[in-house]
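The values are calculated or read from the model by the stated rules, or taken from the named source; none is laboratory data. Predicted model only: the values in this text are computed from it and were never measured. Cβ coordinates were reconstructed from backbone atoms using ideal geometry, including for glycine residues, and neighbour counts include every protein chain displayed.
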Amino acid sequence: MKRYLRTAPFHPTLENAFCEVVGALRAGDPLNPIHVLVPTHVLGRHLMRTVARRSGVCFNVRFLTFPDLAELVACERLAASGRVALPPLGDFLIARKAIKARVPAVGYLAPIRESPGTPRAVLSSVTDLKKAGVTADQLEAFAADHGSKKLEELAQIYREIEFLQVEAGCFDWSERLAMASLAARSSAALAGSLAICLYGFAELNTLEQRFLEACLEGRSGYVFMPDDVAGHTLPLTAWLAAQGFAPEVDADGGAVSGPAALAREVFHEPSGPDEAVGRRPVTCEVKIISAPGVAQEIQEVARQILAYAARPGASFSDVGVLLRQPAAYERTIRDVLESAGIPHVFLDGRLLRDTLAGRLLRLLVRIRRSQYPRAEVMEFLGLAPLRGSMLRADPDASPADWDRYSREAGIVMGREHWRRIPALRRRLEWRKKRLVDEAAGAQDPARLRQVERDLRSVQAFEYVMNVLLKRCEAIPDRGTIGALMAGLLRALQTVASLDADDQDAVQALASVARTKMADEEVTFETFAGLLEDLLAERSPPADVYRTGRVIVSSLGGALGLPFQLVLIPGLVERSFPAPARQDPILLDAERDALNARYGTALAQRVHRAAEERFTFSHALGAAAARLIFSFPRLDAATGQVRVASHYLLRVAEALTGRPARYETLGTLTDRIPLGRVAGDGESLRPADWDLARVSRAVASRDPQLLRGLPGLPALVRGTRAEDRRWGRRTFTEYDGVLGAAVEPPPTLAATQLETYGLCPFKFFGERILGVREIQEPEAVETITPLDRGALLHDILDRFFSQLVQNGLVPVRAEDLEECRRRLRTIADEVCTGFEKSGAVGYRFMWEVEKARILTDLEGVLSFELAEPPGFVPAYFEARFGPTPAWVTPPPGSMPHPLELPVDGRPMRFTGFIDRIDLDQRGAARVIDYKTGMIYGEKSDQFRGGQSLQLPLYIRAADAMLAHHGIAARTSEAFYYYATGKGGYKRVGFSRQTLEARSGEFTLILKTIADGIAAGVFPQRPGKNGDHCTYCSFQPVCGHGRVRLVERKQRDPAIAALTAMWELE
């Protein structure tokens, strides 16, 4: 039988030799099969097409991997065993069970028995042992002789793994190869085989060698092996020589050029000083790119791909992006290439956790284990392609709207919080009914349409959440791995409609859930960690070869494939090549000892430098025309400088023909700046193209370059706004001075007047435009000042109303304990009700706040006890202004607004007064509770329009009392700072002062009314931006607002406002 061995570079020499041999074999026998063993299916597809293209036919030439051929040869034995192939992810579960069963609580491996990474580490060691042909019995005997408790436990785990596989009715790759080795000599699958060919392998493990030896018995063998680099292929060459294979002589002398020459020279070691000095430079089209970071590096890679694809006759499938560590770059490459519209495929498959199904499953686990947190639920709904049946109520429903509804409802987490969605739906139904029932001519069609739209969307939201929460609740807190997995997958598939690729990922998990390997009972918390380990596996790609897509692969995964353009990113030290690391369980010294005892070839982990050089060299040789290397200069996480790989120094030496240092490398490198603007034909996204055009227009001052720009209207508006704002010393429409009349609101609240007095632009945003900030409920660490104030107001309102009803006012010393009891009871009820809103923040902080609130209430009670006799509380939260028909107005309310004549026209005001006290002399007083600190408020001052509430309340209280026929005049109104922080102080405004300064009061009201009607809403940040400290409009106003307003202070348009602001 013929034994043929050819070693050469893959392209074109090895391919040519292979095609010639296959052609000669087929010419001699056109029918019998030729079996070709290849490392990967994609290489087999390439060779099949190459042979067919060159010879016109590739009949009965079968390209198989070792597992493929082993299954074909051993199919009868495997079927007779009654077992099936171990499903994907099954080995991990079996290893986990074996570790639990065989590692005692006080064993050597006990400290890492429960660690998430231990099953994979053990699997890696056992896999190496199986590849080398070392059995569990041999390992146990070796451990006993050397007194190694660690290896003794590893041998027991090894044996348990084999037992559990048999118990589960499965066989793994090693058993398949072993059975195939026994069946190969008499297998019908190989009967009549014309030849066994081996193509593209640089090494074979012991099981593969045994199987190949059995297949070759009585048959011709042809081996096509890539050129050796750094001695990597020498073990395989020696084994082949023992099988009778003699290398063929290279007839053409091995002359190569271009990337192939670079591949040959990059790791060539000079035999002496003369050869080092006389080394000839390699002529090759090479580009080295240095980018600021990984994202910019991959953007440059994408630009190079697009530039190549634009050439006549070029195809994306002629491009290979080859990586040393795909996991580090995978997401960035996928995001950049997808945004650039570059079709691509990952030869090594995709991490299950990065598939849509994997991401959704991880979210479901977080939702289930954390009691349905709002942020995770909304991320899931925004990411999942929801089934049409989920959206029957509103097919156009948007998760973005659902996010807004959930924020407004104050949902944080917990089943109880999600019941606010039905409550929201009922409120919308009520609003719709009220709007429909409005009297003819009073209806608001636009508002009705909006309420109807929101109602449909909320109905869909409610249905989706009911289904999702029920499915999640059906997953038990404890169960078998299979049951928990099945429940999780059922929840996902009930809600989401997944495509074929994601269904494959789901099926891989489902296949494990149905086996005996998943019968271990665990808590859901343990299952969550286990799922993370399972999702670390990769899903195999489908239809990957020559499909018009860029091939992205590890260096080894693309071995043997030819490309026109090869790009190799990530060439930095400690990554390319990766540092050598020992196996954490089976050390190299132990491997050496095992090899010496049993004559095996157990691979050493630290001796991988030869493999690194081999794969890098052949990656260079894969390019037919051009090579592009790249590396990031900075680590995005730490900002530290990264050093280019020393492999690039070897490339530079081969290109220049002389020794290279990093300074030399710098002269050969294209350095990409941090803020690079894409040039012609380099844009990856529409935004890049727009930015490039704008940059050219700015540089040339040619506005014609902006014609046709999609975002031109917005750009023109923005440019005009900035030009007018900063180019003039007067306020413009872009500063809030609109230059046009505005329909004033029919009524105003006192606090809205004060907002205008503080900053007209804030009033414009809040009252005219209706803009408001929606806070993230889960972002609350403790209750907001507004919520704290609302709580105190509610408690005090209920408390004093109860005291009035029970005749306990004014507060007397003998009733103090009873008043305290009532106050604490009411405070507890109000706080418990507010706690259900979810906006209380952290539990500890909320308990602290409740204690502070009780302390402040005690202070208020002491204040009431110390009050001199006379005034008695009469009305609480009384309203002036219309009250909706479905709401019962508090006692003392007035159904119409307060109306004050201002310059011959009425101004109408609405609002609530916290408390009105009366005395027997016909006097009244207004108390407004404040729960913060005193910020500039002073008694009997208007503060330029910032303190108008108390004067207006005096007028309002007079009108409200008169409306109820009470002959009393309000003598004063005051803020009562009802907290320890506020010092329980008072800031008041007397009737006497109001009457004495009535002209100034009217002038302020007129100035505000005129300003609103004229559309005058300038920004007023205050000195050093003091007015902006707690303002939510800061992003709108911009960073330079203080300086900008200072430039425009003399503008006549705000002269009246300036005069008002000077009034104290």
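Brief remarks follow.
- Set side by side, the residues GLN296, GLN304 differ, and just one is touching a Leu at 6+ places or on another chain (Cβ under 7 Å) and either at negative phi or at pLDDT below 95 (or both), which is GLN304.
- Filter pass, VAL926 being assigned by TED's automatic domain parsing to the domain that holds ILE1012, touching a Lys or Arg at 6+ places or on another chain (Cβ under 6 Å) and either crowded, with 20+ Cβ neighbours inside 10 Å or in contact (Cβ under 8 Å) with a residue 24 or more places away in the chain (or both): no
- So THR782, is it modelled with pLDDT of 85 or more, among the polar types (S, T, N, Q) and more than 30 Å from ALA866 (Cα to Cα): no
- The residues on offer are PHE989, PHE1017, PHE942, and the sole one that is in contact with an Asp or Glu (Cβ under 6 Å, 6 or more places away or on another chain) and either free of Cβ contacts under 8 Å to residues at least 60 places away in the same chain or closer than 27 Å to LEU769 by Cβ (or both) is PHE989.
- Hits in segment 65-95 - residues which are at pLDDT 90 or above and crowded, with 20+ Cβ neighbours inside 10 Å: PHE66, LEU69, ALA70, VAL73, ALA74, ILE94, ALA95
- Restricting segment 461-517 to residues that are among the small types (Gly, Ala, Ser), touching a helix residue (DSSP H, G or I) at 6+ places or on another chain (Cβ under 6 Å) and modelled with pLDDT under 85, the residue that is farthest from PHE527 (Cα to Cα) is ALA505.
- Within segment 1033-1042, tally of residues that are surrounded by 11 or more Cβ atoms within 10 Å (Cβ to Cβ) and assigned to a helix (DSSP H, G or I): 5
- When segment 872-912 is filtered for residues that are part of a loop (DSSP other than H, G, I, E, B) and either small (Gly, Ala, Ser) or assigned by TED's automatic domain parsing to the domain that holds ASP828 (or both), the ones remaining, listed by number, are GLY881, ALA885, GLY892, SER893, GLY904.
- Condition broken by ARG404, with the remaining ones in (1) among the basic types (Lys, Arg); (2) within 25 Å of ALA474 (Cα to Cα); (3) in contact (Cβ under 8 Å) with a residue 12 or more places away in the chain; (4) out of contact with any helix residue (DSSP H, G or I) (no Cβ under 8 Å at 6 or more places or on another chain) satisfied: (2)
- ALA625 passes every criterion in (1) crowded, with 19+ Cβ neighbours inside 10 Å; (2) modelled with pLDDT of 90 or more; (3) among the aliphatic types (A, V, I, L, M) apart from (1).
- In segment 655-673, the condition of being free of Cβ contacts under 8 Å to residues at least 40 places away in the same chain and of a type in the set (Lys, Arg) is met by at least one residue.
- Set side by side, the residues GLY557, GLY570, GLY548 differ, and just one is within 18 Å of HIS11 (Cα to Cα) and outside the structural domain of PRO119 (by TED's automatic domain parsing), which is GLY557.
- Some residue of segment 605-614 being crowded, with 17+ Cβ neighbours inside 10 Å, at pLDDT below 90 and more than 24 Å from THR40 (Cβ to Cβ): no
- The set of residues in segment 517-557 that are surrounded by 15 or more Cβ atoms within 10 Å (Cβ to Cβ), over 28 Å from the mean Cα position of the chain (by Cα) and over 30 Å from ILE568 (Cβ atoms) comprises MET517, ALA518, GLU520, VAL522.
- Among the residues of segment 634-648, those identified as among the small types (Gly, Ala, Ser) and either under 18 Å from PRO579 (Cα atoms) or in contact with a Gly (Cβ under 8 Å, 6 or more places away or on another chain) (or both) are ALA636, ALA644, SER645.
- In segment 854-876, the residues that are over 15 Å from GLU814 (Cα atoms) reach residues that are charged (D, E, K, R) and in a loop (DSSP other than H, G, I, E, B) with C-beta atoms within less than 6 angstrom, at least six apart or across chains, in these pairs: GLY870/ASP919; PHE871/ASP919.
- Meets criteria (crowded, with 21+ Cβ neighbours inside 10 Å and in contact with a Lys or Arg (Cβ under 9 Å, 6 or more places away or on another chain)) for GLU1064: no
- Residue in segment 961-977 that is in a helix (DSSP H, G or I), surrounded by 17 or more Cβ atoms within 10 Å (Cβ to Cβ) and in contact (Cβ under 8 Å) with a residue 40 or more places away in the chain present: yes
- Residue that is nearest to GLY556 (Cα to Cα), among those in segment 307-340 that are touching a residue at least 60 places away in the same chain (Cβ under 8 Å) and surrounded by fewer than 17 Cβ atoms within 10 Å (Cβ to Cβ): GLN325
- Check on ALA105, surrounded by 15 or more Cβ atoms within 10 Å (Cβ to Cβ), farther than 21 Å from GLY192 by Cβ and assigned by TED's automatic domain parsing to the domain that holds GLU152: no
- Residue match in segment 269-290 (condition: closer than 19 Å to LEU684 by Cβ, without any contact (Cβ under 8 Å) to a residue 12 or more places away in the chain and either among the β-branched types (Val, Ile, Thr) or surrounded by fewer than 20 Cβ atoms within 10 Å (Cβ to Cβ) (or both)): no
- Residue check, THR751 polar (S, T, N, Q), surrounded by 14 or more Cβ atoms within 10 Å (Cβ to Cβ) and in the same structural domain as ALA973 (by TED's automatic domain parsing): no
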